[in-house]
Amino acid sequence: MRIVSGIQPTGNLHLGNYLGAIRNWVAMQDEWTAKGATCLYFLADLHAISMPHVPADLAANTREMVAALVACGIDPQRSVLFNQAQVPAHAELQWLLCGTARMGWLGRMTQWKDKAGKNREGASVALYSYPVLQAADVLLYQATHVPVGEDQKQHLELARDIAQKFNNDFASEDAPVFTLPAPIIPPEAARIMSLRDGAAKMSKSDPSDMSRINLTDDADTIMQKVKKARTDPEPLPGEAAGLEGRAEARNLVAIYAVMAGCDVATVLAEFGGQGFGRFKPALGDLLVDRLAPIAARFRDLRADRTALDAILAQGAARARTLARPTLDATYAALGLVTG
C-alpha cells in the first residue's frame, strides 16, 4: 500500500492550517505505516508556479512548511517527505501523460474555471494543465490510496481516467503500467474561522494578527488572542442548537471540541450556562497545552535551514528511487528510446 498526498507551501501557518490539513497527515502516517504502508508527503512547489508568485517567498514557504509538518508530528524516517522540484520525474511524467490526457477533460475541471476566472486567455498553461501534474504526482509512485477532500475528487477521477486510458492504449491487461488509485475520505476537516469575524475563515491574509493563532505564537500571545476574541454577551447554551446565529460563539466552541477530541455537545454539557469570562481561559489553557510544544519545535526547526534542507534532500532521494521504475516503464511503453 502506498499513500500519496501533497500540499502547496504557504507561509504564516496558523491554527486553521493545522486543524484543517496537517493533523490529518499525521493521523494517516500513524495509522497507515502501522499497517505496513508507505506514506509519501510532498510540498507542491511545482504547482505553486502555476500562479503568480515571488520566488524568494516560495523557497522560504517551502522550508517553513517542512518545519511545520515535522513539528506537528510528521516523521521523516517513517514517511517520505520531500518537495516536487527535487524529483524531476514529476515533471517528466506529466509531459508523458499529456499525450493521453484530453483537452475536454481538462476544460471541465472546476478549479481551472474558478482560478482562471473571466481572464482565461491570460491564465498560464501551467494552471490549465496542472491536473495532469496532479495525476503524475500519484501515478508516479503507484499510489494505492490518495486522501481527497470534496474539492479534489474531480482531480483524482481525472488521474484514474488518464491511468486507465494509458493502460488500455499502451499496456496489456495483465501488466498495466499504472495502478488506479482509490480515494481515502479523511475525517471532515475542521473549518476554523477568524477570531475577529465568525463568518470569515481564519486566514494569513487577514491584516489583523489578532484574527488568527499562528503556529509561532507563544503561550502569552495565545491567551491574549483568545481572551480578546470577538464574542457576544449571552452565556453558552446547553445544546448545539443554541449556537445558531452566534457565529463567534460557535467557532470558539468548535475549536475547543476539536482540540479536546470531543464533540460540541460534550463541550456544551460542561460549559453550558457559563459566560465567556470563564470559557475563554479554559479554551486558552487547552490551546496552550496542545500548541505550545508544537510552536516551540516549529520555531527551532524554522531557524535551522541546514536541517530543513537535509530533510528535503533525504526525502527526495527516497522518492526518486521509488519513482524510477514507473518512469522507466512509461518511457518503454511509449516506445521512447532512453539508452
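Values for this structure:
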{"quantity": "Meets criteria (surrounded by 15 or more Cβ atoms within 10 Å (Cβ to Cβ) and of a type in the set (S, T, N, Q)) for N61", "calculated": "yes"}
{"quantity": "Complete set of residues in the stretch 14-36 that are buried (at least 16 other Cβ atoms within 10 Å of the Cβ) and small (G, A, S)", "calculated": "G16, G20, A21"}
{"quantity": "Within the stretch 65-117, tally of residues that are at pLDDT below 95 and either in a strand (DSSP E or B) or of a type in the set (F, W, Y) (or both)", "calculated": "2"}
{"quantity": "Filtered residue count, the stretch 136-156, keeping only those that are among the acidic types (D, E) and modelled with pLDDT of 95 or more", "calculated": "1"}
{"quantity": "Criterion violated by A254 - all others in (1) in a loop (DSSP other than H, G, I, E, B); (2) small (G, A, S); (3) buried (at least 16 other Cβ atoms within 10 Å of the Cβ) satisfied", "calculated": "(1)"}
{"quantity": "Residue satisfying all of: in the stretch 163-204; over 16 Å from L96 (Cβ atoms) and basic (K, R); surrounded by the most Cβ atoms within 10 Å (Cβ to Cβ) among these", "calculated": "R196"}
{"quantity": "Those residues of the stretch 2-43 which are among the aromatic types (F, W, Y) and under 20 Å from E64 (Cβ atoms), in sequence order", "calculated": "Y18, W25, Y41, F42"}
{"quantity": "Filter result for the condition that a residue is surrounded by 16 or more Cβ atoms within 10 Å (Cβ to Cβ), among the aliphatic types (A, V, I, L, M), outside the structural domain of Q84 (by TED's automatic domain parsing) and free of Cβ contacts under 8 Å to residues at least 24 places away in the same chain, over V288, V226, V267", "calculated": "V267"}
{"quantity": "Odd one out for S211 among (1) hydroxyl-bearing (S, T, Y); (2) surrounded by fewer than 18 Cβ atoms within 10 Å (Cβ to Cβ); (3) free of Cβ contacts under 8 Å to residues at least 24 places away in the same chain", "calculated": "(2)"}
{"quantity": "Counted residues, the stretch 261-306 - those being over 22 Å from the mean Cα position of the chain (by Cα) and more than 21 Å from L13 (Cα to Cα)", "calculated": "21"}
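The values are calculated or read from the model by the stated rules, or taken from the named source; none is laboratory data. Only a predicted model underlies this, so the values are computations on that prediction, with no experimental measurement involved. We place every Cβ from the backbone using ideal geometry, glycine too, and count neighbours over all the protein chains shown.
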